[in-house]
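First the structure, in the form of structure tokens, and then the observations on it.
We did not get these values from a lab; they are worked out from the coordinates using the rules stated. What you are looking at is a predicted structure, and each value in this text was computed from that prediction instead of being measured. Positions of Cβ are backbone-derived with ideal geometry, glycine not excepted, and every protein chain shown enters the neighbour counts.
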Amino acid sequence: MELFFLYLLLIFLLSVFLTLQYLFYKHKSHYTAANLPPGKTGWPVVGESLEFLSTGWKGYPEKFIFDRMTKYSSDVFKTSLFGQPAAVLCGPAGNKFLFSNENKHVTAWWPDSVNKIFPSSLQTDSKEEAKKMRKLMPQFFKPEALQRYIGIMDNIAQRHFASGWENKDEIVVYPLAKRYTFWLACRLFLSIDDPNHVAKFADPFNLLASGIFSIPVDLPGTAFNKGIKASNFIRKELRAIIKQRKLDLAENKASPTQDILSHMLLTCDENGQYMSELDIADKILGLLIGGHDTASAAITFIIKFLAELPEIYDEVYKEQMEIAKSKKEGELLNWEDIQKMRYSWNVACEVMRLAPPLQGAFREALNDFIFNGFSIPKGWKLYWSANSTHKNPNYFLDPEKFDPSRFDGTGPAPYTFVPFGGGPRMCPGKEYARLEILVFMHNVVKRYKWEKLLPEEKIVVDPMPIPAKGLPIRLHPHKMNA
Ligand code: HEM
């Protein structure tokens with residue numbers, strides 16, 4: 001009997017040894033090509049993922065990038081992230097390379113957890129069909145298409161402040177910012193306006209969003225498992241809404257321009273092909289995800305910086321009150337008003353420079369190529385990081401200083417300010433985000449001044465930057481609204 005257990009133990013130890021050896025061998029084999037970029041690749045499987053993630057958890061995601069730029073090269077360094085051999089391309093040249101070589105040298109890549117929860121939507125890379133559909137996306141978000149949504153955004157913003165902020169002395173900003181952006185998205189993408197119906201989506205949606213960036217262990221009760229279930233639930237609901245809308249459009253009960261869904265159903269590609277129901281459901285889900293936490297993080301940081309910088313608040317207030325005073329009683333914001341919000345948008349840009357909602361994104365090398373004299377093998381993952389330029393004194397003098405005038409005139413040099421990415425994969429929701437942020441800024445400064453309740457609140461970047469307690473603030477309503 002004892003011999004039997006000894007035998008089992010030996011088999012176990014041998015298999016652990018062989019697995020480790022295999023992992024070490026596999027890890028090393030990724031880095032045998034000649035002339036790879038300098039850098040460290042860490043342990044098999046984990047690589048440098050922990051350092052990459054933990055600098056973010058501590059609130060300094062740029063540290064991972066800048067430490068290695070200083071140690072190895074300011075243009076490109078190798079590493080290993082999420083079990084993958086990877087290179088981080090830095091500075092405007094790195095950004096330009098990745099943004100200009102889509103489908104030539106690189107294509108989008110997402111970690112496994114994203115693919116499992118979200119099988120197709122953000123993955124519009126390989127299939128020809130999907131590529132064609134991707135070309136249609138910008139049409140739905142052109143400034144001309146969005147102009148008619150500004151009044152609706154203002155109306156929802158007013159209802160949001162009435163229901164979430166009014167008669168309160170203290171509020172927590174981040175959850176309210178999420179509620180605002182989600183309500184807008186439900187209304188403008190799907191014509192869901194009733195707050196109760198919005199709330200029905202909000203819970204599964206939040207589960208989905210946290211599942212995407214969780215550890216991908218699909219067991220009952222894990223965030224990942226809940227995310228997959230929530231994703232299936234939302235897709236089913238979306239397909240029911242799409243079916244109903246098709247009927248309503250056919251019977252003239254719905255308008256072709258009432259929301260993004262109607263646009264998607266009625267737009268065809270150059271061959272006269274319409275998007276399938278499944279594709280539309282995926283696209284809408286992709287938009288909901290792409291726009292939710294990013295825009296709410298941006299709004300939360302705008303509130304944070306305006307609390308910390310009263311002279312900047314005063315300038316934003318002045319600009320917005322001039323617009324407010326030019327309006328008739330009950331008149332909603334329109335396109336001309338948005339054009340007058342130049343200073344406010346400069347402030348929002350400076351906020352996104354210092355606290356980019358997305359820190360960067362991955363690509364995969366489609367073939368072997370040379371970047372800056374170094375070889376990048378096919379299959380390697382490539383990462384661009386907003387911080388490599390946003391917080392770099394070579395491109396933004398005194399980078400920690402909050403200075404909205406950086407965006408006056410022609411603004412920062414090309415490929416240095418990249419909160420929305422660039423090239424064909426640039427965020428399709430950029431203009432939509434600009435409008436929802438400006439409409440929010442108008443409504444909030446018109447009503448309140450505020451102060452932070454936790455002056456030293458920590459920032460956690462996981463993967464979006466968020467004040468650890470959600471940014472609790474004390475509200476000081478302006479006299480005319482008091
Ligand atoms: C302040 C707000 C926002 C920021 C900072 C932001 C930033 C970004 C960035 C950096 C990317 C990745 C680009 C890349 O892969 O290189 C992206 C992609 C994307 N964004 Fe946004 N975004 C914002 C708001 C929105 C909104 C409001 C929507 C929807 C209406 C949206 C929809 C998307 C989608 C669908 C993608 C994936 C595009 C693709 O892979 O082809 N985003 N966004």
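Counting only residues 5 or more places away or on other chains, whose amide H sits under 5 Å from the amide H of Gly360 once H atoms are built in the peptide plane?
Amide H neighbours of Gly360: Ala386.
Where q = 0.15, 0.22, 0.25 Å⁻¹, what log10 of I(q)/I(0) comes from the Debye formula for the stretch 369-441, counting one point per Cα?
Summing over Cα pairs of the stretch 369-441 leads to -0.73, -1.19, -1.28.
Can you work out ³J(HN,Hα) from phi for every residue in the stretch 74-80, in order, using Karplus 6.51 cos²θ - 1.76 cosθ + 1.60 and θ = phi - 60°, giving whole Hz and x for Gly and Pro?
3J(HN,Hα) across the stretch 74-80, in whole Hz: 7, 9, 7, 9, 8, 7, 9.
So who's got an amide H within less than 5 Å of the one on Ile459, skipping anything under 5 residues away but keeping other chains? H placed 1.01 Å off N, in plane.
Distant-sequence amide H within range of Ile459: Ala468.
May I have the extent of the alpha carbons of the stretch 40-111 along their three principal axes, as whole Å values ordered from largest to smallest?
Result, largest extent first: 33, 25, 21 Å.
Provide, for q = 0.10 Å⁻¹, the log10 of I(q)/I(0) from a solvent-free Debye sum over equal Cα point scatterers in the chain.
After summing over all Cα pairs, the log10 values are -0.82.
Restricting to DSSP H runs of at least four residues, report the calculated mean residue ellipticity at 222 nm for the chain, -39500 (n - 2.57) per run over all residues, nearest 500 deg cm²/dmol.
-17000 deg cm²/dmol
Given charges of +1 on the Cβ of Lys and Arg and -1 on the Cβ of Asp and Glu, with all other atoms neutral, how large is the dipole of the stretch 326-482 about its Cα centre, in debye to the nearest 20?
Result for the stretch 326-482 is approximately 260 debye, rounded to the nearest 20.
What order, most packed first, do the peptides 153-164, 180-191, 70-81 have when packing is the mean number of other Cβ atoms within 10 Å of each residue?
Descending packing order for the listed peptides: 180-191, 70-81, 153-164.
Highest mean first, what order results for 329-340, 350-361 on Cβ atoms within 10 Å?
350-361, 329-340
When you count, for each residue, the other Cβ atoms within 10 Å and take the mean per peptide, how do 369-377, 268-276, 139-147 rank with the highest first?
Result, highest mean Cβ count within 10 Å first: 369-377, 139-147, 268-276.
Mind checking which helices in the chain clear 27 Å along their axis (Cα) and have mean Kyte-Doolittle hydropathy of 0.5 or more, DSSP H runs only?
Flagged H segments are 2-29, 277-308.
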